[in-house]
1. Fully extended, how many nm does the chain gain between L386 and V443 (0.36 nm per residue separation, minus their Cα-Cα distance)?
2. How much accessible area does D272 have with a 1.4 Å probe, in Å² rounded to the nearest 10?
3. Scan segment 216-313 for GluC sites (Glu not before Pro) in coil per DSSP, keeping those whose Cβ has at most 16 other Cβ atoms within 10 Å, and list them by number.
4. Note the full-extension length gain between A260 and M435 as 0.36 nm times their separation in residues minus their Cα-Cα distance, in nm to one decimal.
5. For the residue pair T271 and S100, what label-to-label distance in nm results when each label sits 7 Å from Cα along the Cα-to-beta-carbon direction?
6. If each of Q224 and S179 carries a label point 7 Å out from its Cα toward its Cβ, how far apart are those two points in nm?
7. Suppose accessible area is computed on protein heavy atoms with a 1.4 Å probe; arrange V237, V281, V362, V431 from highest to lowest.
8. Given a Förster distance of 30 Å, report the FRET efficiency between C248 and R305 from their Cβ-Cβ distance, rounded to the nearest 0.05.
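The values are calculated or read from the model by the stated rules, or taken from the named source; none is laboratory data. Keep in mind that this is a model prediction, so the values were computed, not measured. Note that we place each Cβ from the backbone using ideal geometry, even for glycine, and neighbour counts take in every protein chain shown. SASA here: full protein model, heavy atoms, side chains in, ligands and nucleic acids out. Shrake-Rupley method; radii C 1.70, N 1.55, O 1.52, S 1.80 Å.
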Amino acid sequence: MDDTFFATDEENRPEGQVLEAKCRARFLKGSAWKFRRVLWQIRNRTYRDALIMLEFMPWRACRPVLCALRSAAANAMNHYNMDKSRLYVYQCRADRGPYSKRMRPVSKGQAHPYRRRSTHLTIVVREMTDAEMAAAPSNLRRSEGEGQVVMQVSTTDSSLGICSGLAHEEGAQELLIDSAQEKTARRTRQLLLAARLAFFFSHGLLIVCASVALGWETNTSWWQIFSPAWLGDALCVVLVILSWFGSCPYIHLCLQERQARLGDNNPSILTDILPDIFMGVLSLVYLILALVAEILLCRYLDELRASQRAARTPTACATARLTGFTGVEKHRGSMPLGPSAPRPGFGQFLILVSLLTCCRGVCISTSGELFSCLGAGALGSSVLGLLLPDGPFSTSAWVLFLPWLAAVLALELCSSLRLQRLRAVLCREEVILRMAEQVILFVVLLSLLAIIFEVSAFVQLGAVHAGAAGVTLGSGVCALALLRGRMAVTENRFGALSERLLIADIRGEVNPSSMRSSVISGVGAEVPLANASMASHM
């Protein structure tokens, strides 16, 4: 496809001259008459109406015409800073191209000649003036007081109104339905996000189970207590492996089209999808290390519980009175492995997993504060756990919760600052979700304080109260995972926050009412397009 631009630069063109952008596609397969019956339908129509009609008309020639129209609109936006919402098809024609002679075998050994025709397609778009926008038959008007463009569906175009507002393009919503392969463009990132949320949710359930077992002194084995975390790890491994192949249909389509990306809203396979696949491979390594660390931790805690039970037997108590030793030692060779002895590799694996989490938060800005704070908290607890001489169930074990207390406090501050910075570009649902996140983080902070007071020797709240605080802590972690998932769904519906911030920075001011209302009904659609003009100048 050969794209051609004409008209001089804006500062050199004569006064009154209208800028035009043209796309010329040559040597397309098909007769010119088959293209002309498509062009008759879109001539003098707005860009959005033409997109809808080309998407749903049944003719094979609609696809090349659609590609040429989008190319012309991209030329107008990138080279002349035109607004796509104001474009219309000024001129379109299909000229005859060269043809090749072929023979078709028929009955009685005969051969009938036929011609394979080709077509040269030319589409010219212009930008409508304010007067033309007011008188345009495209049913686009400005809503009063909202700064939005509202799609009004007439009786003649009611069959096309149901498909409006189904895809986004450059800050506006382009009325075009993606193909089945294009719908898989973001599947890799979505599966990785689902794996991350499943990891947090399962470990929140682990905290709940451990708090119930310790607070109410049940006889549940540690291997049973850790089962939610291991089920979550197994689910995460499956999701991570599926993420490697989630966007393969879209990648195959891009390779067929010999392009790095298709459309203005789809991600690039070089800068978006392939880095996500690489992060998926690293995530699998991270999950394996985390699973090994959890198994070693579970083994350590189970042996610790068994040694404590053995120390309470009558034989052990009599031996302790005779020898003056209050603990129980297990000998493997010549190395004592009592409750206070560290387990080889247990702390090292935890430190390695914590360092990987911190590196993820530092190197990647997406959810960077979450990973940085959690990694720092896990790293601090792991180092302090190795330094404690009496094990995690001693009276000095309350220091293990101090790094997590600092991590949750840092998350609370980061969440508050992020809400203040993004409040102008967030919709009402996103604001409510982020405020709920701050409330849950505050509850988690209070739960950690209650656990620290219980474990320490200063205040004794009782095991039941500490168990209730632990259940509240684990429930808060699960609720945070669910809130993060809902935030991701809402952001996918309203657009990425980075794009909205970029538009707001270019514009210099943001109209919150234009960002906080988007109603899509079955017949018509109210589409927020207040920032579409600024997106076209990017």
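1. Going from the current span to full extension adds 17.7 nm.
2. Rounded to the nearest 10, the figure is 50 Å².
3. Sites meeting the loop and neighbour criteria: E217.
4. 59.1 nm
5. Between T271 and S100, the simple spin-label model gives 3.7 nm.
6. In this crude spin-label approximation the distance works out to 5.5 nm.
7. Largest accessible area first, the residues go V362, V281, V237, V431.
8. That gives a FRET efficiency of 0.05.
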